[in-house]
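Here is the structure we will look at.
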Amino acid sequence: MLNRKPFKVKFHAYEAYREGVFVAHNETEIVELICQKYRVEKHNVYIMEKKQISLDEANAILVKDGI
């Protein structure tokens, strides 16, 4: 079983800079999730910053953003 952790990620996709919280095992899985969410191809996704965060911090970000 994969050990997934929450990450706060700043990335460039779909011709815009974005920020999000993703629960993933590694950077490859994060890119795949971004591709699914924004319907872009892998070569169009660039991760600028990735930081592992706690579940409480991830929950606070998602609640604040209204997701």
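The values are calculated or read from the model by the stated rules, or taken from the named source; none is laboratory data. The model shown is predicted, which means the values in this text are computed figures rather than measured ones. A quick note on method: Cβ atoms are made from the backbone with ideal geometry, for glycine too, and the neighbour counts reach across all protein chains shown. Please note that ligands, DNA and RNA were not included when accessible areas were found on the heavy atoms of the full protein model with its side chains. Shrake-Rupley method; radii C 1.70, N 1.55, O 1.52, S 1.80 Å.
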Being of a type in the set (A, V, I, L, M) and more than 25 Å from GLU15 (Cβ to Cβ) is the filter; apply it to the stretch 55-64 and report the residue that is most open to solvent (accessible area, probe 1.4 Å). LEU55
In the stretch 1-54, which residue that is open to solvent by 70 Å² or more (accessible area, probe 1.4 Å) and of a type in the set (Ser, Thr, Tyr) is nearest to ASP65 (Cα to Cα)? TYR17
Which number in (1) part of a loop (DSSP other than H, G, I, E, B); (2) touching a Gly at 6+ places or on another chain (Cβ under 9 Å) marks the one condition that LYS37 misses? (1)
